[in-house]
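Here the structure comes first, spelled out in structure tokens, and everything after it is commentary.
The values are calculated or read from the model by the stated rules, or taken from the named source; none is laboratory data. Computed from a predicted structure; not experimentally measured. Cβ placement follows ideal geometry from the backbone for every residue including glycine, while neighbour counts extend to all protein chains displayed. Note: areas computed on protein heavy atoms with side chains; ligands, DNA, RNA excluded. Shrake-Rupley method; radii C 1.70, N 1.55, O 1.52, S 1.80 Å.
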Amino acid sequence: MDVLSLLQLPPQHLSDGIGTLRDIWTDGGAGASLRWLLRLVELRSPYGKIYAPAGTEQLIIGISGPQVRIGAGRGVPLRRDRALAQDAALIEMHRPLDRPGGTSRLLVLAFDPHVVSARATFDDLDGDRAVEVGTEAIVVLKGHVEHDGKRLNPQSVSILRAPVADGLHAQGARILTLQFTDVRESVRG
């Protein structure tokens, strides 16, 4: 298990607009092909764009700050604790000019749909809970979570590298879990 603090990862510039892009994790899978890639986008201007790897689908997940619209023109509103699916490599983000200043934070999960299917789930936790099968990442949005003897603070992510037997213990936490199903196995089976 790897625990990473989202805001301590090295920032990059957006392809267009004011803000940052931070690569959180890349899972290459067998043969070094991309299974999934998780990134944090911090948009500080009315418009921004990034590119996802070619051939991927994305889940764009709102986590905090003023509301953002995704797509060209007026776009589709993305609210906090919601996810939008997209299969185009260009991700355009718009914030209405009349919205207050600040930073809109989004997670962008890009995945190869020929390799895995992906699901993002938000949960409020207080107490103990098992980790669901297929969970490969846990993002702590608020509160504290203990897992596998490690404390996960807000704005951190735990990347699970193998099936997990230990459960979670949480104190007033809001988490996002990312779960994957291997498409190749379900097609074969």
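Classify the chain from the C-alpha gyration tensor, please: rounded if a/c falls under 1.5, else prolate or oblate depending on whether a/b exceeds b/c. Verdict is oblate for the chain. A Förster radius of 35 Å combined with the Cβ-Cβ distance from H144 to R44 puts the calculated FRET efficiency at roughly 0.80. Overall, the accessible surface of the chain at a probe of 1.4 angstrom is composed of carbon and sulfur to the extent of 49 percent. A 1.4 Å probe run over the chain, with the rest of the protein chains in place, finds 50 Å² accessible per residue. Based on C-alpha pairs under 8 angstrom that are at least 6 apart in sequence, region 1-99 has a relative contact order of 24 percent. Summed over qualifying helices (DSSP H, 4 residues or more, each -39500 (n - 2.57)) and divided by its residue number, the chain shows a 222 nm mean residue ellipticity of -500 deg cm²/dmol. The relative contact order of the chain comes to 22 percent, based on Cα pairs under 8 Å that sit 6 or more residues apart.
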